[in-house]
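The values are calculated or read from the model by the stated rules, or taken from the named source; none is laboratory data. Note that the structure is predicted; figures quoted are calculated from it, not measured. Note: ideal-geometry Cβ built from the backbone for every residue, glycine included; neighbour counts use all protein chains shown. Only protein heavy atoms, including side chains, enter the accessible area calculation; ligands, DNA and RNA are left aside. Shrake-Rupley method; radii C 1.70, N 1.55, O 1.52, S 1.80 Å.
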Amino acid sequence: MDTFAIKGGVPLYGGLRVQGAKNAALPILAATILAGGSYTIYDVPHLLDIKVMLEILSTLGATYVHKDSTVHVDTTNLTSAYIPHELMGQMRSSIFLMGPLLGRCGEIVLSRPGGCAIGERRINLHFKGLEALGATIVEEEGFIHCKADKLKGNAVFLDYPSVGATENIMMAAVRAEGETIIYNAAREPEIVDLQNFLNQLGARVRGAGSDTIVVSGTKHLHSIDYKVIPDRIVAGTLLLASAITKGEIELHNVNPQHMISLLDITGQCGVEIEYAHDIMKVKSKKDFKAINRIVTAPYPGFPTDMQAQTMAFLSVAQGCSIIKETVFEGRFRHVTELNRLGADIYVDLNTAFIRGVPRLSGATVEATDLRAGAALIIAALAAEGETRVTEAYHIDRGYDTIEKQFSCLGARITRMENDSFHSTGI
Ligand code: EPZ
């Protein structure tokens, strides 16, 4: 497993183009199954999760080329509806294949998905929605057998505004007969991007971005070319990394409208941010203030995917901050590792109490999940001395060669293959 070595205390300066959104690209790649044909999807970052999604499409019979952040994928000839366990287990998004495969082939055999260990991550709402459209789902001996001779539109109420369940049901509903209404739908920008993609295929989807989405089933769909929206979480990560190092950076390919809740928090802390069109300038020369209380919530609330990174940032703020995590019940594994770097954070149930410290100091820490790993890099960039972040693969799931991105901004960060790490006897 790779390790990142980071020498902290270096302010970040320079410009960087933000990668396309992982959490938009993944459902969109799954949706290419809905209509056979040849697609070109632009701004798809080179990530482990994208690689797994493309491997899944390949095992189903599709062909693809992923070069320079552009994916050419052809789903004309599907030869299988079975997803091997070893691929399902590598990420959460493998569950997104249920809707499109039901819509295209009328069946799918898979197992429960993997993904970041940040909570139970149930899939009951995915099943509830697909069964409402007429699918039968039987789980036995570790496999999920899902069939639907005919999908029929229906009304579905989501007990929780689940992002993945909303997307899965949208994709299946495109191929259902009649109208489907999804109540209490998730409102994330990635869902709006999926709606735009589906409508360009020839589908009729409306309401994404609100809590009610209406899908009218469509028989005739066709392949398209499409560009994925910017990654708001990567942009937020880079923003906080610049601020904690008291640097000054310019980010391109940013949509500030997707980042309002984070920008509100960083503004309260005293981080100076200017933005116009798709460019965002971040500068922060002075110490920043703590935030009394942040509560993560479904969009447009404060994103759970920015919780760990914000905690790292607030660990050196002036004063005490509180972060309450309401989306995932196990998303505080980065606290122990941040405290290893000298942070002063205490957790009580789903609430973290962060007492700002004057400085952090380098140590060896472990990335326990994708955003926890990103948080450790943010902290390491500000810490005195050298920090090593192990289990770097977690970070590679969501950040395209993160060491190159940060090196472009002047950070002193190197990736070490595990054997070279030991060979230099460090
Ligand atoms: C998506 O995961 C994102 N992943 C996650 O990003 C993100 O944290 C999450 O949405 C919330 O915004 C992708 O889009 C690939 P959910 P998803 O279904 O769809 C419960 C990252 O860092 N729930 O909205 O899995 C669930 O247990 C990743 O990029 C059910 O109870 O999230 C959780 O507590 C991490 N039953 C809550 O809802 C269900 O059937 C939110 O889950 C589904 C979910």
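Along each principal axis, taking the top coordinate minus the bottom one, the Cα set of the range 166-255 gives 56, 30, 15 Å in descending order. Note on the range 22-220: with neighbouring protein chains present and a 1.4 Å probe, carbon and sulfur make up 49 percent of its accessible heavy-atom surface.
Averaging the sequence gap over all C-alpha pairs within less than 8 Å and six or more residues apart, then dividing by the number of residues, gives the range 22-220 a relative contact order of 17 percent. Accessible surface calculations at 1.4 Å, restricted to protein heavy atoms, place the chain at 38 Å² per residue.
In terms of overall dimensions, the C-alpha atoms belonging to the chain reach 63, 46, 42 Å along their principal axes, ordered largest to smallest.
Let me know the shape class of the range 22-220, please: from the alpha-carbon gyration tensor, a ≥ b ≥ c as square roots of the eigenvalues, rounded when a/c is under 1.5, otherwise prolate if a/b is greater than b/c, or oblate. In terms of gyration-tensor shape, rounded. Angle of helix 189-201 to the longest C-alpha principal axis of the chain, folded into 0 to 90 degrees and rounded to 10: 30°. The string of couplings for the range 151-160 from the Karplus curve (6.51, -1.76, 1.60, θ = phi - 60°) is 8, 10, x, 7, 9, 10, 9, 8, 4, 9 Hz, one whole number per residue in order, with x for Gly and Pro.
In order along the range 210-226, the Karplus-derived 3J(HN,Hα) couplings, from 6.51 cos²θ - 1.76 cosθ + 1.60 at θ = phi - 60°, round to 10, 8, 9, 10, 10, 10, 9, x, 9, 7, 9, 10, 9, 6, 8, 9, 7 Hz, and Gly and Pro are given as x. Straight Cα distances below 18 angstrom link Lys283 to the aspartates and glutamates Glu248, Glu250, Asp264, Glu272, Glu274, with same-chain residues fewer than 8 positions distant left out.
Start at zero, step by 5 Å, and the Cα-Cα distances of the range 268-320 spread as 4, 16, 21, 23, 23, 10, 1 percent across the bins.
Positive end of the charge dipole of the range 22-220 (Lys, Arg +1 and Asp, Glu -1 on Cβ, about the Cα centre): tell me which of Tyr42, Phe96, Ile181 has its Cα farthest that way. Most positive-ward Cα: Ile181. Its DSSP H runs of at least 4 residues, each contributing -39,500 (n - 2.57), put the calculated 222 nm mean residue ellipticity of the chain at -9000 deg cm²/dmol, to the nearest 500. Per-residue Karplus couplings for the range 348-353, computed as 6.51 cos²θ - 1.76 cosθ + 1.60 with θ equal to phi - 60°, are listed in order as 10, 6, 9, 10, 10, 10 Hz, Gly and Pro entered as x.
Mind checking the angle between helix 22-31 and the chain's longest principal axis? C-alpha axes, 0 to 90 degrees, to the nearest 10. On a 0 to 90 degree scale, this one is about 10. Counting only DSSP beta bridges with both residues in the chain, the antiparallel share comes to about 70 percent. So what's the net charge close to Phe96: Lys and Arg +1, Asp and Glu -1, counting the other residues with Cβ under 12 Å from its Cβ? Every neighbour counted, the sum reads -2. Shape class for the range 121-169, computed from the alpha carbon gyration tensor (a ≥ b ≥ c): oblate, with a/c not under 1.5 and a/b at or below b/c. Working note: Cα gyration tensor of the range 1-99, eigenvalues times five, square-rooted, sorted largest first, giving semi-axes of 30, 17, 11 Å. For Cys320, nonlocal amide neighbours, meaning residues 5 or more places apart or on other chains whose placed amide H falls under 5 Å from its own, are Gly356. Here Lys7 is the anchor, and the lysines within straight C-alpha reach of less than 17 Å, apart from those fewer than 8 places off in the same chain, are Lys246, Lys404.
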